[in-house]
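Trainee: Here it is: the structure, laid out below.
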Amino acid sequence: MRNGARAVKWGVPIVAVAVVAGVAVAGPVIAAVQGDPSLPERTAQELLADAARTWQSGTVRPMSGTIVETASLGLPSLPNMGGGASPFSLLAGSHQAKVWYGGPERMRLMLPGEMSESDLVVNGDQVWWWDSAANTATRVKGGPAAGRPDASPFPSAITPQQAAEEALKAAGGNTRITVGKDATVAGRAAYEVVLTPTDGGSLIKDVRLAIDGETFIPLRVQVYAKGTAEPAFEVGFDTVTFSPPAPENFTFTPPPGAKVEEAAVPSFTRLPHGKDEHEADAPRVVGEGWDRVLVASVPKGFGQDPAGTTGKTTGETTAETTGKEKSWRDSADGAASLADGLLKSATPVSGEWGSGRLIRTKLVTVLLTDDGRLVAGAVTPEVLYAAAGQK
Amino acid sequence: MATERAGAVPDRGPGRLRAAARLLGAEAALTFRRPRHLAMLGVLAVVPILIGVAVRLVAGDGVTESIVAQVAGNGLVLTFAAFFVMLPLILPLAVSVVAGDAVAGEASQGTLRYLLTAPAGRGRLLALKYANVLLFCLAACTLVAVSALVAGLVLFPSGPVTLLSGTTVPFAEGLLRAGVAVLYASAGMAALGALALLFSTLTENPIGAISATVVLVVVSEVLVAIPQLSALRPFLLTSWWNAFDGVLRAPMDTGRMGTGLLVFAGYIVISGSLAWARFTSRDVTS
């Protein structure tokens with residue numbers, strides 16, 4: 001009888017464990033029980049048109065939410081990239097950001113770090129970048145429109161809208177567009193548009209765009225590399241609320257004691273397309289559709305000199321970083337450790353186009369030629385060799 | 001000492017709550033009078049002052065960055081800086097010593113069986129012990145905050161507080177946010193205290209329970225730092241302690257702190273029920 005009482009007593013913690021585990025996994029289980037949402041049938045064209053209309057007409061509803069970005073590109077691990085402030089840390093692992101969107105000219109993006117925070121606040125023509133770790137407020141000149149990455153072959157955009165826009169722009173005529181199974185993203189029923197490259201040279205298996213069934217706002221973008229079951233890159237909402245955010249999110253005044261700087265939008269966001277129309281060392285894009293590759297000249301000190309990787313340094317680069325502002329030093333450190341890690345994993349290659357070192361990840365291949373060029377794209381090495389061949 | 005507590009037998013009825021309060025008072029008096037606990041609280045009070053003095057000494061050299069720079073600009077920020085420094089190890093150490101000792105200490109001194117002769121019941125004794133741990137967690141975190149606040153106001157200027165988001169809030173709101181941070185940190189420590197209390201019921205050697213808790217803290221700090229094991233992070237207690245920095249954001253990051261509190265509650269429920277099952281069913285021989 002006493003043993004029986006003991007067994008009953010030990011039943012209590014077992015129930016407690018079950019309850020806690022139940023609460024912990026309740027969300028996914030409920031979603032699984034509910035099954036896939038069923039939205040009215042729509043063709044891919046209709047969906048894309050609806051989505052395009054929504055963001056072209058600027059009638060995106062005000063909203064706020066949490067975005068989770070996950071990159072598993074197969075990069076060498078980057079141990080020195082603690083904190084959420086450096087843009088380079090987004091290349092590996094999972095990161096969270098919060099976004100408040102009050103209209104086309106009012107938005108705030110927040111990257112939380114441990115006891116630090118970076119904020120991008122856009123309010124009309126006022127664009128501020130706040131970095132609490134460096135205690136620096138940077139006023140970005142050029143307005144929000146100039147900050148849009150244009151024709152970049154990389155998934156460089158951060159919000160789902162921008163990423164979806166990029167993917168659609170990149171698609172061109174070399175893409176098969178289908179509608180996949182409806183998905184649930186951030187608790188909302190969403191259509192899934194699957195973009196499959198038909199170019200043989202692409203490393204991308206497909207790009208899946210989850211578009212909200214009600215508002216036609218892209219809620220998630222997943223990029224699958226060939227031969228992998230998990231997305232190599234994913235950015236999507238974890239939670240989303242469609243209500244106007246509090247106005248104080250869009251006002252930023254540099255706090256007393258903070259350094260205030262001014263900066264122009266980095267010029268690499270606007271890349272000329274084509275070749276030889278510009279000076280030889282300007283970055284340019286070669287190829288069409290998914291096989292597009294970026295060709296750029298490598299600063300001489302790449303791999304040895306942290307300053308050389310961030311600044312647009314041409315000619316002789318000295319290893320002096322003392323003149324650099326502190327706010328950029330973190331980025332430079334991130335870039336340097338990224339470059340070091342990448343160069344360690346590079347394999348020497350050569351061919352008719354010359355010789356160089358090749359860095360392969362699941363999604364992106366980078367070729368550093370010995371004559372100082374960088375060729376990169378989401379393509380197989382052969383496409384890069386071809387691009388490197390046409391000088 | 002034990003007989004003094006055992007003498008306060010709680011009656012059924014309206015006097016029960018008062019009796020429980022009296023028992024808790026006696027228990028807390030024991031905890032806060034014990035010399036080693038006082039020494040530990042002393043260390044907790046001194047560390048924020050040391051941080052403040054160190055910041056004050058280097059403040060002129062222009063090497064100030066991040067949260068440290070803000071401490072030099074506003075004394076209230078020292079409270080948050082102190083939690084940032086002390087939450088990973090120093091505060092957990094103090095809580096482990098008190099909670100790990102709670103049951104195993106009585107067992108090792110041979111006083112546990114006398115305690116159990118009182119008709120209060122083992123479950124209630126365990127609840128009393130845990131209430132005492134909660135009291136200590138709150139006291140330790142408050143002590144850190146008050147010591148940091150006093151040191152900060154003496155060493156540095158005060159005024160409106162700049163949050164991590166770059167927003168500036170009045171001093172009073174800064175104080176309020178510091179209060180929320182104290183409560184959150186206490187909840188995090190209470191979860192660890194429940195774990196330590198569980199270990200305390202498993203052994204008759206208090207040092208074993210204390211070191212098991214501390215080892216667990218250190219191991220999970222290491223696990224949190226390994227990027228390849230990031231999938232484990234949401235389940236580890238230590239990865240949620242620093243979420244108190246949510247009070248320094250605008251708007252306050254209640255989402256992450258709320259999840260943190262749920263994780264703490266999960267730890268408390270599981271550890272508490274295991275401790276109860278173990279303590280009420282084991283044979284007490286010493």
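The values are calculated or read from the model by the stated rules, or taken from the named source; none is laboratory data. Remember, it's a predicted structure, so these values are computed and weren't measured experimentally. Reconstructed Cβ throughout: ideal geometry from the backbone, glycine too, with neighbour counts over all protein chains shown. The accessibility values were calculated without ligands, DNA or RNA, using every heavy atom of the protein model including side chains. Shrake-Rupley method; radii C 1.70, N 1.55, O 1.52, S 1.80 Å.
Trainee: Helices from chain B with mean Kyte-Doolittle at least 0.5 and a Cα length along the axis of 15 Å or more, per DSSP H: which? Can you show the working numbers first?
Mentor: Values: long enough: B:15-33 (27 Å, 0.31); B:35-58 (34 Å, 1.85); B:90-109 (26 Å, 1.17); B:122-155 (49 Å, 1.75); B:171-202 (47 Å, 1.54); B:206-225 (29 Å, 2.18); B:254-281 (40 Å, 0.86).
Taking the DSSP H segments of chain B (at least 15 Å long, mean hydropathy at least 0.5), we get B:35-58, B:90-109, B:122-155, B:171-202, B:206-225, B:254-281.
Trainee: Place a point 7 Å from Cα of A:Thr253 in the direction of its Cβ. Which residues in segment B:163-196 have their backbone N less than 18 Å from it?
Mentor: It comes to B:163-174, nothing else.
Trainee: Also, I was wondering about something else. Just need the relative contact order of chain B here, percent rounded to a whole number, with Cα pairs under 8 Å and 6+ apart. Present the calculation step by step, with values, prior to reporting the outcome.
Mentor: Values: 397 pairs, mean separation 69.8, N = 286.
Once normalised by length, the contact order is 24 percent.
Trainee: Can you give the local net charge around A:Lys141? Use residues other than it whose beta-carbon is closer than 13 angstrom to its beta-carbon, Lys and Arg +1, Asp and Glu -1. Let's see the in-between values first.
Mentor: Numbers: positive: A:Arg139; negative: A:Asp125, A:Glu261, A:Glu262.
Local charge sum for A:Lys141: -2.
Trainee: Here's a follow-up. Among the residues of segment A:6-23, which ones have their accessible area go down by 20 Å² or more when all the protein chains sit together, as opposed to their chain alone (1.4 Å probe)?
Mentor: A:Arg6, A:Lys9, A:Trp10, A:Val12, A:Pro13, A:Ala16, A:Val17, A:Val20
Trainee: Using protein heavy atoms only (no ligands, DNA or RNA), what is the total accessible area buried between A and B, 1.4 Å probe, nearest 100 Å²? Numbers along the way, then the final one.
Mentor: Numbers: alone 20190 and 13280 Å², together 30850 Å².
The contact between B and A buries close to 2600 Å².
Trainee: Sticking with this structure for a sec: Give me a comma-separated list of calculated 3J(HN,Hα) values for segment A:40-52, in order, Karplus coefficients 6.51, -1.76, 1.60 applied at θ = phi - 60°, integers in Hz, x for any Gly or Pro.
Mentor: x, 4, 9, 7, 4, 4, 4, 4, 5, 5, 4, 5, 4
Trainee: If you take the beta carbon distance between A:Asp50 and A:Thr241 as r and set R0 to 25 Å, what does 1/(1 + (r/R0)^6) give as a FRET efficiency, to the nearest 0.05? Can you show the working numbers first?
Mentor: Working: r = 21 Å, r/R0 = 0.85.
That pair, A:Asp50 with A:Thr241, gives E of 0.75.
Trainee: If we count trypsin sites (Lys or Arg not before Pro) as exposed when they sit in a DSSP loop and have at most 16 other beta carbons within 10 Å, what is the longest stretch of chain B that avoids them all? List each step's numbers first, then the result.
Mentor: Working: sites that count: B:Arg12, B:Arg282.
It runs B:13-281.
Trainee: Counting partner chain Cβ atoms within 10 Å of every residue's Cβ in B:238-246, what's the average?
Mentor: Working: counts 0, 0, 0, 0, 2, 2, 1, 6, 1.
Neighbouring Cβ atoms belonging to other protein chains average 1 per residue here.
Trainee: Per residue of B:158-166, how many C-beta atoms from partner chains lie within 10 Å of its own C-beta, taken as a mean?
Mentor: On the way: counts 0, 1, 2, 1, 7, 3, 11, 13, 16.
Shielding by partners across B:158-166 averages 6.
Trainee: At 1.567 mPa s and 4 °C, plugging the Kirkwood radius over alpha-carbon pairs of chain B into Stokes-Einstein gives what diffusion coefficient in µm²/s?
Mentor: Working: Rh = 20.1 Å.
This corresponds to a translational diffusion coefficient of 64 µm²/s.
Trainee: Where the centroid of each part is defined by its Cα atoms, how far is segment B:145-198 from segment A:190-250 in Å?
Mentor: Each part reduced to its Cα centre gives a spacing of 39 Å.
Trainee: Using a Förster distance of 22 angstrom, determine the FRET efficiency expected from the C-beta separation of B:Ala225 and A:Ser94, and round it to 0.05. Provide the component values of the computation, followed by the final result.
Mentor: On the way: r = 15 Å, r/R0 = 0.70.
E(calc), rounded to 0.05, equals 0.90.
Trainee: Running a GNM on chain B with Cα contacts under 10 Å, which residue among B:Glu173, B:Glu106, B:Glu27 ends up with the highest mean-square fluctuation?
Mentor: It is B:Glu173.
Trainee: Pick from B:Thr201, B:Thr238, B:Thr167: which residue has the top mean-square fluctuation in a GNM of chain B where Cα pairs under 10 Å get a spring?
Mentor: Between B:Thr201, B:Thr238, B:Thr167, it is B:Thr167 that shows the largest mean-square fluctuation.
Trainee: Could you pull out every residue, at least 5 positions away or on a different chain, whose amide H is within less than 5 Å of the one on B:Gly75? Hs are placed 1.01 Å off N in the peptide plane, and Pro or chain starts have none.
Mentor: Placed amide hydrogens put B:Ser158, B:Gly159 under 5 Å from B:Gly75.
Trainee: Roughly how many debye, to the nearest 20, is the charge dipole of chain B about its Cα centre, given +1 on each Lys and Arg Cβ, -1 on each Asp and Glu Cβ, and no other charges? Write out the running numbers ahead of the final one.
Mentor: Working: 19 positive and 13 negative charges, 175 e Å.
The calculated dipole for chain B is roughly 840 debye.
Trainee: Scan around A:Leu73 for amide H atoms under 5 Å from its own, H built in the peptide plane at 1.01 Å from N, and keep only partners 5 or more places away or cross-chain.
Mentor: Correct list: A:Gly93.
Trainee: Okay, moving on. Inside 10 Å of the C-beta atoms of B:263-271, what's the mean count of C-beta atoms belonging to other chains? Let's see the in-between values first.
Mentor: On the way: counts 2, 0, 2, 7, 1, 2, 7, 6, 2.
If you average over the peptide's residues, the count of other-chain Cβ atoms is 3.
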